[in-house]
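Read the figures in this text as sums done on the coordinates, not as results from a lab. Everything quoted here is computed from the prediction, not taken from an experiment. Using ideal geometry, Cβ is built from the backbone for each residue, glycine included, and neighbour counts are taken over all protein chains shown.
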Amino acid sequence: MVIDLEKCTGCQACTTACSMENSRLPGEHWQDVIFYNEGEHPSAQMKWFPRPCMHCENPSCVAVCPTRATYKAEDGQVLVDWERCIGCKYCMIACPYGVRFYTEEKPAYGGPDAKRVFAADDGHSWSPPWKGPAEDWKHGVGVQPSDVVSKCTFCYHRVAKAPKGTADLDPQNPALREFTPACVVTCPPGARMFGDLSNPNSEIAKAIGNKNGVRLLDQLGNKPQVYYLTGEGGAVPANRSLPPKKA
Amino acid sequence: DKVHAQPAAEKGGETVITKSFCHQCPARCGIDVYTTNGRVHAIYGTLDNPLSNGKLCPKGHLGTYLLYDPDRFKGPMKRTNPKKGRNEDPKFVPISWDEALKTVADRLNALRDKGESHRFALLYGRGWGAVDAGLHGTFGKLYGSPNIGLGHSSTCADGSKKAKLYLEGTYDYSAYDYANCNNLMIFGASFLEAFRPYNYNMQVWGHLRTKAPKTKITVVDVHMSTTGAAADRLILIKPGTDGAMALAMAHVILSEGLWDRKFVGDFKPAVQPKDPAEPRLPPHKFEAGKEIDPALFEAKWTHGLIEWWNAELKDRTPEWAEKITTVPAKDIVAVARELATVKPSIALFERGPTAHTNGVYNGMAIHALNALIGSLWAEGGIFHQTGKTPWGKLDIKSDDFMDDYAKSDDRKQPKIDGVGKKYKMASAQIQRIGEYHMKGDPYKLDTIMFYLTAPIFSSPECNTWEKALQDLFVIETSPYPSENAMFADLILPDHTYLERLQVADTYSFQGYPIGMIRTPAVKPVYDTKFYGDVLIEIGKRIKGPMGEYYKQVGNTENIVKAMAAGFAEKPGDNGVNDFESFKAKGVWYKKPVAYRQRGGEFYEWDKETKSHSIPMDAAKVKEKILKTPTGKFEFKAGYMEQEKYAGYINEKLGVPIEKVGFPQWVPPKYTGTGDLHFISAKLPIAAEGRSSNLPHAIAMAQPTQGGKRDVFVEIHPDTAAKKGIKDGDVVRIKSKTGSVEAPARLYAGVRPDTVYLPYYAGHWAQGRWAKAAVRTQKNSVNEVIENVSDPISGLACYYSGMCSIEKA
């Protein structure tokens, strides 16, 4: 995935599209946008940073999972098998990007707990009337059971149906739209692109090359598969350099 | 070993996509509603729709939740607790639709029997076309009340429309050719938060920020919002003084010779002395402080430029404006030069500058810049809607159903909102109705009905409505437990938008007509009824020919089908030509914009060459484009100079009669006595106010203002220090009219003389999450805002209030 920070308006349509597509609990922002500000006008800055799961090439979450519930899928996604997850949260600690969520957190939004209001009695953690038809616990898709960790799947249930070998999933192409991750489909300024990083002819590979694609906390060695284009616009925060590890 | 086993999948049918359009702001984005097994589970933007283009804003996706909001009313109800108050349980009991409709009809018939039909008022907010708000006119005419369909535009954005009416002769919002614009200046419109069409604005933003050349964007506001932060330049201006800045920009553009001569006109050549030995005279020019003989200037598409310069602009130097606006003179010069030279450019404005006592003049000053730089109707410029959706209509003439009662002169009662009398130039004045009713000025109402508006929360001094609604029979049509509903005697719950069949036009965003249709994605979840059908059903129960009329109309579906039949002769660009194809595509549209201005000449679209190439003469331009008395863009607005208005403006604002037509500086009247300006703009996730009970929305309210369970008061750290306020302290914002409490967020992105609390939280009804005890803010920001209107536009002065602030 490529996110162009010069285009991103911080609207959070990615957040809500994902929430509804993936039947997320309120506040369980698989596609989060983090706002921060500093300084004083006229040099004050307010910035925002869209932050999905990085689906690392070298994911620290997978290494620490005691039940092999978190795993690396064939096409490169990092997924959680909810039938194996025991909710130990090791992965949440290991992940340097803060993109994993535990079902049983207290609601951050205040007021009644949506899990109780839309209660489930069939092993799901809750049952919103608007939940999507896609359900695949082996790949962390759908409404999760209680006591598990969940995270962005890159809309595995959509992407997995795309014709094999597709270089780019362009949501403006009617033939590919339904296979494209929800956040990419909706992003109003078109800041998100999704495609095959391993294909040098893909549009995303070109965009990374042409427009200074960078990865978040690259120095940690996780090798995220989400690239940010900074252009003249936003900056990737806290990208400090650390001494290289000895081989 | 398996810890959790996935339950067996629901036996399921196919996923069906229904075409509809969003209801969460006036933009009307086309949406694809995904339904499986009778349940809606996703909403995406429609790809083949010129507004949504497959995209949606953050609110759009949450429409699913609006359908399944557990706090929705489940059917019609009546009140059994006669006491009304914020803490009184209305003790609603369910009733049948028959009883509900009969109750209304009986009251309405009784009023008519007494000759008091004017005492029934119907107030509405967002109208969606012919089958809801579009029914009001006929209903009022047949029933005999001037108060049917009193709109909320005076709490929305009437100021910008009025400014454009006076200068250009068109009473409408603007259309913009953003995609081709190289310089965009935004005065007080939260372009990336609340300015319509939000979704399209963001689409175009992505293009503007990455095209070559990159579009330069300047934002003028009172705090750093998302829009200001994303722009190239943010200018923080003293509230209500945008007009002074725009006048100074006009001064710079003229005195530096940067105006568009082909559109505006030019000086005649200086008449040189006959004697070749005499020194040559320089060309005429605009010089600060110096009057000019109007005879020296030859105008093109503008009227009154020199008169405007002499009466106003010659003294409006950047140095003068700096004293008023606090914006450094050099910044004003810089943005003026940029606006006039990095073209095409647009000066855009909305509620920020216009929701003040001097709002129309602020708006006129800004919009006049568009004329000076030749942006009107230009590629990359600003213009208006052209063309209309070719709706058909039912062949039933309502005039044939007016009885003697409806035709009687006794029906010519003044409107309850004072429009036309006290407010001579306004189009609406919803914010005054409660007060006028209580005073019996000019009479007391008996029954009041609300559709998509809740002045009890959204109007300035909204708490006065809690008194006003005491002795009224109140009918609420919202499907949600609104503040109105808590004071209602009768609940006639509407379908949510995903349950309705409805058609509407979009606003003039793109400049060409776009007609949309909503088809129900699911059967109504509860025992609700579409508001348009409620009106028709009430109409059927009114005695005499009015009842006959509505029996013939039947229902809204008949109207929708008749309207879609109009496409047969004029198919849309997407091939839509009847009801079925309309339902399948969800939208009818016909490009392009009919007219363009190029190099100071106007051209009409030529179907043959597919270009704007048919020249338009002055008469045609006056008829179609510049519909002012002179057929020009009037820097000296003839509309305002009419005798019936000039005296009124003079009386209300003290502007000399001979000067009323010019965009000019009129100091804003700040209301109240505090030491800080109070501003309450909208958050992107909440704009248009439909998300207060959505836990998803609450969980993501951003940025400095929001976050999770609370919204925050933005206070400059220096201001906070003086008042002993620390970050996170709960503070009380007080004015003459009321107070509101919320946690403070120390934020150096807000002006030190201003505090900002978004118009979002503070619901004391509207559902379990909206009014959850955990929320610090317990009442509407509008209780702090004095009920003052711009006397010209009638727009509520939401941003003119002063307040004081203290630790709670």
*Considering the options A:VAL141, A:ILE86, A:TRP126, tell which one lies farthest towards the positive end of the dipole of segment A:61-178, charges being +1 on Lys and Arg and -1 on Asp and Glu at the Cβ, about the Cα centre.*
A:ILE86
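What translational diffusion coefficient, to the nearest whole µm²/s, does segment B:672-808 have by Stokes-Einstein, given a Kirkwood radius computed over alpha-carbon pairs, a temperature of 10 °C and 1.306 mPa s viscosity? Write out the running numbers ahead of the final one.
On the way: Rh = 15.0 Å.
Translational D for this selection: 106 µm²/s.
With r defined as the distance between the Cβ atoms of A:ARG68 and B:GLU88 and R0 fixed at 60 Å, what FRET efficiency is calculated, to the nearest 0.05?
Working: r = 59 Å, r/R0 = 0.98.
Approximately 0.55, to the nearest 0.05.
Which whole-number percent of Cα pairs in chain B have a distance greater than 50 Å? Each step should come with its number before you reach the end.
On the way: 52892 of 326028 pairs.
Counting pairs separated by more than 50 Å, the tail of P(r) holds 16 percent.
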*Between B:TRP97 and B:GLU557, what is the label-to-label distance in nm when each label sits 7 Å out along the Cα-to-Cβ direction?*
1.1 nm
*What does the charge dipole of the protein assembly as shown about its Cα centre add up to, to the nearest 20 debye, if the Cβ of each Lys and Arg holds +1 and the Cβ of each Asp and Glu holds -1?*
740 debye
_Could you list A:ARG68, B:ARG768 so that the one with the fewest beta carbons within 10 Å of its beta carbon is first and the one with the most is last?_
A:ARG68, B:ARG768
*How far, in nm, would the chain grow between B:ARG233 and B:ALA212 when pulled straight, counting 0.36 nm per residue and subtracting the alpha carbon separation?*
5.7 nm
*Tell me, what is the percent relative contact order of segment B:448-575, built from C-alpha pairs under 8 Å that lie six or more residues apart?*
16 percent
*Take chain A, connect every pair of alpha-carbon atoms lying under 10 Å apart with a spring to form a Gaussian network, then pick out the residue of A:MET92, A:MET46, A:MET54 with the largest mean-square fluctuation.*
A:MET46
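Let me know the shape class of segment B:754-808, please: from the alpha-carbon gyration tensor, a ≥ b ≥ c as square roots of the eigenvalues, rounded when a/c is under 1.5, otherwise prolate if a/b is greater than b/c, or oblate. Show your work: numbers first, answer last.
Values: a/c = 3.36, a/b = 1.63, b/c = 2.06.
Since a/c reaches 1.5 but b/c is at least a/b, the shape of segment B:754-808 is classed as oblate.
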*Percentage relative contact order, chain B, counting C-alpha pairs under 8 Å, at least six apart*: 18 percent
*Among B:GLN766, B:SER793, B:GLY728, flag the residue with its Cα farthest along the positive direction of the charge dipole of segment B:672-808, charges on Cβ as +1 for Lys/Arg and -1 for Asp/Glu.*
B:GLN766
_For a 29 Å ceiling on Cα separation, which of these pairs sit above it: B:LYS620/B:LYS652; B:LYS164/B:LYS583; B:LYS540/B:LYS624; A:LYS151/A:LYS223?_
B:LYS620/B:LYS652; B:LYS164/B:LYS583; B:LYS540/B:LYS624
*Setting aside same-chain residues fewer than 8 positions from B:LYS55, which aspartates and glutamates have a Cα under 13 Å from its Cα?*
A:ASP170, B:ASP32
*Pull up the cross-link candidates among the aspartates and glutamates for B:LYS644, meaning alpha carbon to alpha carbon under 18 Å and not fewer than 8 places away within one chain.*
B:GLU658, B:ASP790
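Taking all pairs of different Cα atoms in segment B:347-420, averaging 1/r and flipping that mean, what Kirkwood radius in angstroms comes out?
17.5 Å
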*Taking the dipole about the Cα centre of segment B:630-755, with the C-beta of Lys and Arg at +1 and of Asp and Glu at -1, give me whichever of B:GLY647, B:LEU746, B:SER692 is farthest to the positive side.*
B:SER692
*Could you work out how far apart the two model spin labels at B:LYS624 and B:LYS268 are, taking each label as a point 7 Å from the Cα in the direction of the beta carbon, and quote it in nm?*
3.2 nm
_Strictly under 4.7 angstrom between C-beta atoms: which cysteines of chain A have no such partner?_
A:CYS8, A:CYS11, A:CYS18, A:CYS56, A:CYS65, A:CYS85, A:CYS88, A:CYS95, A:CYS155, A:CYS187
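What is the calculated FRET efficiency for A:ILE93 to A:GLU38, with r their C-beta to C-beta distance and R₀ = 22 Å, to the nearest 0.05? Write down the numbers at each step before the final one.
Numbers: r = 28 Å, r/R0 = 1.26.
Working from the Cβ atoms, E equals 0.20.
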*Summing -39500 (n - 2.57) over the DSSP H runs of n ≥ 4 in chain B and dividing by its residue number, what mean residue ellipticity at 222 nm do you reach, to the nearest 500 deg cm²/dmol?*
-7000 deg cm²/dmol
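Dipole magnitude of segment B:672-808 about its Cα centre, charges +1 at Lys/Arg Cβ and -1 at Asp/Glu Cβ only, in debye to the nearest 20?
Numbers: 17 positive and 13 negative charges, 104 e Å.
It works out to roughly 500 debye.
Going down the list B:LYS211/B:LYS343; B:LYS59/B:LYS561; B:LYS19/B:LYS59, which pairs span over 19 Å between their C-alpha atoms?
Numbers: B:LYS211/B:LYS343 14 Å; B:LYS59/B:LYS561 30 Å; B:LYS19/B:LYS59 17 Å.
Pairs exceeding 19 Å: B:LYS59/B:LYS561.
Give the dimensionless ratio obtained when the Cα radius of gyration of the protein assembly as shown is divided by 2.2 N^0.38 Å.
0.95
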*Label-point separation (nm) for B:LYS652 and B:THR673, each offset 7 Å from Cα along Cα-to-Cβ?*
2.7 nm
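From the square roots a ≥ b ≥ c of the eigenvalues of the alpha-carbon gyration tensor of chain A, which class results: rounded (a/c under 1.5), prolate (a/b over b/c), or oblate?
Working: a/c = 1.36, a/b = 1.29, b/c = 1.05.
The shape class here is rounded.
Given +1 on the Cβ of Lys and Arg, -1 on the Cβ of Asp and Glu, and no further charges, what dipole in debye does segment A:23-125 carry about its Cα centre, rounded to the nearest 20?
Numbers: 11 positive and 14 negative charges, 34 e Å.
With Lys and Arg at +1 and Asp and Glu at -1, about 160 debye.
Please compute the contact order of chain A in relative form: average sequence separation of alpha-carbon pairs under 8 Å and at least six residues apart, divided by the residue count, as a percent. Walk me through the intermediate numbers first.
Numbers: 482 pairs, mean separation 63.3, N = 247.
Rounded, it is 26 percent for chain A.
Starting from segment B:501-569, pick out the GluC sites (Glu not before Pro) whose DSSP state is loop and whose Cβ has at most 11 other Cβ atoms within 10 Å.
On the way: sites: B:GLU537, B:GLU548, B:GLU557, B:GLU569; in loops: B:GLU569.
Taking segment B:501-569 and a limit of 11 other Cβ atoms within 10 Å, the loop GluC sites (Glu not before Pro) found are B:GLU569.
Loop-only trypsin sites (Lys or Arg not before Pro) in segment B:108-192, please: DSSP not H, G, I, E or B, and at most 13 other Cβ atoms within 10 Å.
Working: sites: B:ARG112, B:LYS114, B:ARG119, B:ARG126, B:LYS141, B:LYS161, B:LYS162, B:LYS164; in loops: B:LYS114, B:ARG126.
Those that pass, being in a loop and sparsely packed, are B:LYS114.
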*Identify all aspartates and glutamates with a Cα-Cα distance to B:LYS74 below 15 Å; exclude those on the same chain that are fewer than 8 residues away in sequence.*
B:GLU476, B:ASP494, B:GLU499, B:ASP527
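How high is the FRET efficiency from B:LEU296 to B:ASP172, r the C-beta distance, R0 25 Å, rounded to 0.05?
Working: r = 35 Å, r/R0 = 1.39.
After rounding to 0.05, the efficiency reads 0.10.
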